[in-house]
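To keep things clear, I will list the structure first and then write my remarks on it.
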Amino acid sequence: MAELQVREKSKRPHISRPIFERRFNINSEQAIRVIRNSYNRLMVSLYAIDVILRIIGREETVDEIESIVGQMIAECAEQLQQEKLRLEKLKADNG
């Protein structure tokens, strides 16, 4: 049975997609649920914006969209960093 599944997977055409892998630990159930429910959709969307939109869109429009998305990601990263610092201070204050 397992051999059949492996053969079926190997029959798929190979699609060239850039893939970056990064491992990280998640220690809360809420964060695990968010990653489980949203991460794959996020990766597909970012791929579409970065690669596919460049192929089908106008250069100026794509640059504008990329700038907006980059700004949104930077703002989110800043908020996450601030929350991390807040939680680390809270942990230190409470032992």
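Evaluated against (1) more than 26 Å from Ile26 (Cβ to Cβ); (2) surrounded by fewer than 10 Cβ atoms within 10 Å (Cβ to Cβ); (3) small (Gly, Ala, Ser), Ala92 falls short on exactly one condition, (1). A Cβ distance below 6 Å, combined with a sequence gap of six or more or placement on separate chains, defines the contacts here; from the stretch 67-84, residues that are closer than 11 Å to Ile49 by Cβ and surrounded by 10 or more Cβ atoms within 10 Å (Cβ to Cβ) reach no residue that is modelled with pLDDT of 90 or more and acidic (Asp, Glu).
Considering the stretch 39-65, the residues that are more than 19 Å from Phe20 (Cα to Cα) and among the charged types (D, E, K, R) include one that is most open to solvent (accessible area, probe 1.4 Å), namely Arg58.
The values are calculated or read from the model by the stated rules, or taken from the named source; none is laboratory data. Keep in mind that what you see is a predicted model, and the values were worked out from it rather than measured. With ideal geometry, Cβ positions are generated from the backbone for all residues, glycine too; neighbour counts draw on all protein chains shown. Heads up: the accessible areas ignore ligands, DNA and RNA and are worked out on the full protein's heavy atoms, side chains in. Shrake-Rupley method; radii C 1.70, N 1.55, O 1.52, S 1.80 Å.
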